[in-house]
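Structure first, commentary second.
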Amino acid sequence: MVTLSINGQQVQGVDGSSILEVAREHGIEIPTLCYHEALEPYGGCRLCVVELKAPRGPRLVASCVYPAEEGAVVETDSEIVHRSRRMTAELLLGAAPNAKVIQALAARMGVEKPRVSLSDNNCILCGLCVRACREIVGANAISLVNRGFTKEVSPPFEIGSNACVGCTTCVFLCPTGAIKLEEVLANRSVHHWDSDFEAVACKICGDHYLAPELAVDVEKVLSEENA
Ligand code: FES
């Protein structure tokens with residue numbers, strides 16, 4: 001176990017935990033956006049920054065990826081932390097001005113209007129979709145490509161890839177609704193890039209399974225359930 005101070009309170013956490021995990025275990029609220037407990041932390045959005053009192057002066061660290069260390073002194077609510085989060089919220093609002101979750105977040109941080117407009121596709125590059133596709137689904141069908149202003153989520157060569165199984169985990173986890181799912185009759189189309197899947201029809205009732213053929217061997221699942 002490690003013992004550290006968060007907002008003047010002595011708290012303990014399991015070795016290897018992040019500051020965010022220890023804080024949450026003790027009911028200390030830290031806002032997050034690119035963090036999900038089912039995925040490896042990424043440290044991409046910087047919304048979870050906290051102030052770490054280091055010997056050479058305080059510094060800001062992303063609490064979702066920074067380890068909780070023995071004797072660390074952490075502030076989650078200081079002026080420098082709020083200033084950093086406000087700036088992050090403003091940038092996020094510039095990147096996804098129409099996303100409800102970002103609008104609410106910005107309002108909470110006191111940001112009304114971004115000074116810059118970064119994109120109009122609502123993607124904030126949090127990487128949740130990419131990590132879920134890799135770590136939960138194991139498909140690795142999409143990734144973050146390019147750098148700087150041209151950075152984006154994309155399948156290889158921006159065309160629907162065979163690796164995508166149409167499970168829609170990315171759609172479900174996207175916090176801003178940047179990745180869309182369309183169901184058109186028996187077909188579903190996932191993402192803003194090109195990937196169509198034909199849903200599987202039930203041989204008994206004729207309804208279509210939400211799981212596309214590639215994602216699940218329905219016959220196998222049903223035969224195992226009935227075995
Ligand atoms: S939640 Fe920690 S950097 Fe995004």
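Observations
- Signed unit charges on C-beta, dipole axis of the range 1-53, positive-most listed residue Leu52, Ile19, Met1: Leu52
- Label-to-label distance, nm, for residues given as Met87 and Ser119 (7 Å Cα→Cβ offset): 2.1 nm
- Rounded percent of accessible protein surface that carbon and sulfur make up, the range 2-78, 1.4 Å probe: 47 percent
- Part-to-part distance (alpha-carbon centres) for the range 139-178 and the range 1-77, which is given in Å: 29 Å
- Going by accessible surface with a 1.4 Å probe and the largest first, Cys202, Cys34 read Cys202, Cys34.
- Spacing of the two label points (7 Å from each Cα toward its C-beta) at Asp15 and Leu181, in nm: 4.2 nm
- Among residues other than Cys64 with Cβ under 12 Å from its Cβ, the summed charge is -1 (Lys and Arg +1, Asp and Glu -1).
- Whole-number D in µm²/s for the range 4-143 (Stokes-Einstein; Kirkwood sum over Cα pairs; 4 °C, 1.567 mPa s): 81 µm²/s
- Taking only the C-alpha atoms of the range 82-152, the Rg (one decimal) and the largest Cα-Cα distance, Dmax (whole number), read 13.8, 39 Å.
The values are calculated or read from the model by the stated rules, or taken from the named source; none is laboratory data. Just so we're clear, the structure is a prediction, and the values are computed from it rather than from any experiment. Please note: Cβ atoms are built from the backbone with ideal geometry, for glycine as well, and neighbour counts cover all protein chains shown. Each accessible area value is taken on the protein alone, full model and side chains, heavy atoms only, with ligands, DNA and RNA left out. Shrake-Rupley method; radii C 1.70, N 1.55, O 1.52, S 1.80 Å.
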